[in-house]
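These notes concern the structure reproduced below.
The values are calculated or read from the model by the stated rules, or taken from the named source; none is laboratory data. The model shown is predicted, which means the values in this text are computed figures rather than measured ones. Backbone-built Cβ (ideal geometry, glycine too); neighbour counts: all protein chains shown. Ligands, DNA and RNA are excluded from the accessible area calculation, which covers all protein heavy atoms including side chains. Shrake-Rupley method; radii C 1.70, N 1.55, O 1.52, S 1.80 Å.
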Amino acid sequence: MKITFFSAKPYDQQFFLKANQQYGFEINFLEAHLNSKTAVLAKDYDVACVFVNDAVTAEVLQVLVQQGVQLLALRCAGFNNVDLKAAAALGIKVVRVPAYSPYSVAEHTLALILTLNRKTHRAYNRVKEGNFSLNGLMGFDLHGKTVGLIGLGKIGQITAHILKGFGCHVLGYDIAEPAETQSIGLEFTSLDNLYQRSDIISLHCPLTPATHHLINAESIAKMKKGVMLINTSRGGLIDTQAVIDALKHEHISYLGLDVYEEESDLFFEDLSNKVIQDDVFMRLLSFNNVLITGHQAFLTSNALQNIADITLENILAFKNNNPLANEVTCF
Ligand code: NAD
């Protein structure tokens with residue numbers, strides 16, 4: 001099996017080369033994103049391995065198939081960037097890594113909550129400059145606060161466990177109530193109730209047509225004034241302009257993002273010497289109560305190891321004509 005990687009970073013190379021010692025696949029790493037122009041670089045490869053911001057459209061899939069690609073291996077959990085209907089029509093299989101370390105994302109969620117609350121990012125800079133003033137650094141006790149989680153899958157449930165450890169009252173909403181609700185000690189409720197009662201709201205559902213812009217002017221209006229909103233899931237869950245308006249009116253008092261709806265033009269690259277053209281993103285950066293990380297919630301050594309192992313296992317199953325446990329099909 002010959003595999004070509006798109007959007008490959010040094011950490012991908014490090015973990016995949018090590019994991020591949022067991023498999024012996026022929027591997028090629030490309031820094032380029034996958035798009036309709038770069039898809040030809042997959043010529044004579046059996047597998048194209050892609051990440052979250054590779055736009056795998058019908059046009060791109062068509063070019064990949066023409067190059068001989070038979071399998072699209074996502075080295076991530078989300079698959080909103082793939083046209084699954086087109087993949088099925090073209091006979092190209094799609095596999096993913098459904099769970100590599102839900103702890104990595106849940107723990108990053110807490111990092112955003114704690115940093116926004118206790119302003120450790122600002123304190124760090126102040127102390128570095130010999131400024132020991134505490135003005136503007138006041139936080140609140142997380143203990144006793146009500147936190148609403150939208151999406152109670154693997155990451156949502158682990159986030160709930162951690163928050164229970166802090167002494168929070170945890171509310172949860174999902175399209176179906178998970179069996180674990182009671183054992184975790186979270187209160188399953190309606191979306192409207194969650195919006196109305198939560199001091200902190202954190203998003204852990206996938207991006208689908210049903211969840212696109214779930215957080216918009218209407219849903220924000222139902223939230224408590226002063227709410228903290230956290231998104232480590234997918235950028236498209238939030239109507240960014242509506243959130244900016246709510247920040248300006250101080251309806252939202254804290255915003256923590258690891259994902260952004262237009263992130264594919266920004267994230268994972270060093271743009272520190274470029275002029276960033278995205279005015280909406282730059283407006284977000286101008287608020288001192290907004291904390292943004294560049295889609296790094298997954299980035300732990302444990303997660304990268306699991307991503308490499310499971311991706312190569314998916315490819316081996318395809319090579320051996322075995323059932324594809326992690327296949328993604330259109331539903
Ligand atoms: P999961 O599939 O285990 O859980 C998702 C949950 O969302 C499910 O329980 C599902 O029923 C629920 N859901 C689906 N539609 C919903 C809706 N309309 N309203 C409410 N809930 C709904 O997935 P997971 O592993 O917990 O991951 C959650 C999301 O986190 C992924 O979809 C992905 O977008 C994101 N993610 C982000 C990173 C990162 O680095 N920032 C890494 C991995 C995953």
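Per residue of the chain, the DSSP helices (runs of n ≥ 4 H) give a summed -39500 (n - 2.57) that works out to -10500 deg cm²/dmol at 222 nm.
Per-atom-type breakdown for the range 224-320 gives carbon and sulfur 46% of the accessible area (1.4 Å probe, protein chains only). In this rough spin-label picture, where each label sits 7 Å from Cα along the Cβ direction, the residue 21-residue 182 distance is 4.8 nm.
Per-residue extension of 0.36 nm, minus the Cα-Cα distance of residue 322 and residue 121, leaves a gain of 67.5 nm for this segment.
Using the Karplus relation 6.51 cos²θ - 1.76 cosθ + 1.60 with θ = phi - 60°, the per-residue 3J(HN,Hα) values for the range 183-189 come to 5, 6, x, 9, 9, 7, 8 Hz, with x marking Gly and Pro. Backbone amide hydrogens, once placed in the peptide plane, bring residue 169 within less than 5 Å of 144, 145, 146, 147, excluding anything fewer than 5 places away on its chain.
The length gained on full extension between residue 131 and residue 286, counted as 0.36 nm times the residue separation minus their Cα-Cα distance, comes to 53.6 nm.
Against the chain, whose longest principal axis comes from its Cα atoms, helix 301-319 is set at around 30 degrees.
The count of lysine pairs in the range 102-292 with alpha-carbon distances below 25 Å, taking only pairs 8 or more places apart or on different chains, stands at 19. Here the relative contact order of the chain, from alpha carbon pairs under 8 Å that lie six or more residues apart, stands at 18 percent. Peptide packing: for 68-74, 182-188, the average count of neighbouring Cβ atoms within 10 Å per residue gives the ranking 68-74, 182-188, highest mean first.
In the range 102-292, the DSSP beta bridges split such that about 0 percent are antiparallel, to the nearest 5. In order along the range 202-207, phi translates into HN-Hα couplings of 10, 9, 9, 9, x, 8 Hz, rounded to whole numbers, per the Karplus curve 6.51 cos²θ - 1.76 cosθ + 1.60 with θ = phi - 60° and x for Gly and Pro. Per-peptide packing, taken as the mean over residues of other Cβ atoms within 10 Å, places 197-208, 21-32 in the sequence 197-208, 21-32 from highest down.
The listed peptides 134-147, 213-226, ordered by packing as a protection proxy, come out as 213-226, 134-147 (highest mean of other Cβ atoms within 10 Å first).
Of interest is the spacing of the C-alpha centroids, which for the range 181-204 and the range 280-331 amounts to 25 Å.
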